[in-house]
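What follows is a set of notes on a single structure, which appears directly below.
Nothing in this text is a laboratory measurement; each read-out follows from the coordinates by a stated rule. Owing to the predicted nature of the structure, the values given are computational and were not obtained by experimental measurement. As a convention, Cβ positions derive from the backbone with ideal geometry for all residues, glycine included, and neighbour counts pool all protein chains shown.
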Amino acid sequence: MSTRLTAKDAKQSLTSHAAARGDEIRAKYGPQIGWSELLRLLQDRACVRYPVGIAFDASALLPGEVAYPAPNGERPEDGFTLHLHPLFASDLDRVPYLALYQLAAVNYGPFASPDDAETFAAAALGLDKEAYYQAICRLADQLQEPGCA
């Protein structure tokens with residue numbers, strides 16, 4: 001007897017995998033993941049599927065966007081450059097909050113939803129998903145402050 005997977009089953013499977021991978025990252029690099037842990041994590045192909053470099057450069061960002069993993073070539077194996085708004089260069093210990101969200105897109109490609117990204121990052125940081133969501137909203141809100149472009 002064969003069992004057919006539905007789109008809902010696939011979505012639940014991806015979300016579960018993202019949570020488990022986040023838990024693995026926390027166990028390996030936590031309990032606190034700051035800038036130095038993030039840099040080591042980016043080199044670990046068991047945690048980050050493709051090479052990722054970081055650039056504090058808003059040129060690849062849309063207005064109001066805080067981070068974006070731009071592909072370096074046609075294939076994911078060519079790696080990505082994680083563009084972060086330059087505002088965050090002065091707050092390196094908050095960068096993992098933004099980077100981990102984007103790493104879900106690097107690891108899972110277009111199949112990763114915002115919910116999957118939040119699940120992945122919250123688990124890696126050891127936070128409740130709502131607390132993580134509120135933290136990234138506060139970071140994104142900083143771009144709306146006077147003097148930020």
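What do you reckon, is Tyr97 in contact with a His (Cβ under 9 Å, 6 or more places away or on another chain), in contact (Cβ under 8 Å) with a residue 40 or more places away in the chain and part of a helix (DSSP H, G or I)? Steps first, please.
Values: in contact with a His (Cβ under 9 Å, 6 or more places away or on another chain): no; in contact (Cβ under 8 Å) with a residue 40 or more places away in the chain: yes; part of a helix (DSSP H, G or I): yes.
No; evaluated as a whole, the condition is false for this residue.
Being free of Cβ contacts under 8 Å to residues at least 40 places away in the same chain, assigned to a helix (DSSP H, G or I) and polar (S, T, N, Q) is the requirement here; does Gln142 meet it?
It is false that Gln142 is free of Cβ contacts under 8 Å to residues at least 40 places away in the same chain, assigned to a helix (DSSP H, G or I) and polar (S, T, N, Q).
Is it fair to say Tyr101 is hydroxyl-bearing (Ser, Thr, Tyr), surrounded by fewer than 21 Cβ atoms within 10 Å (Cβ to Cβ) and within 22 Å of Thr15 (Cβ to Cβ)?
no
Report yes if some residue within the range 72-91 is out of contact with any Leu (no Cβ under 8 Å at 6 or more places or on another chain), within 22 Å of Leu127 (Cα to Cα) and not small (Gly, Ala, Ser); otherwise report no.
yes
Could you tell me whether Glu130 is in a helix (DSSP H, G or I) and of a type in the set (D, E, K, R)?
For Glu130, the condition - in a helix (DSSP H, G or I) and of a type in the set (D, E, K, R) - is met.
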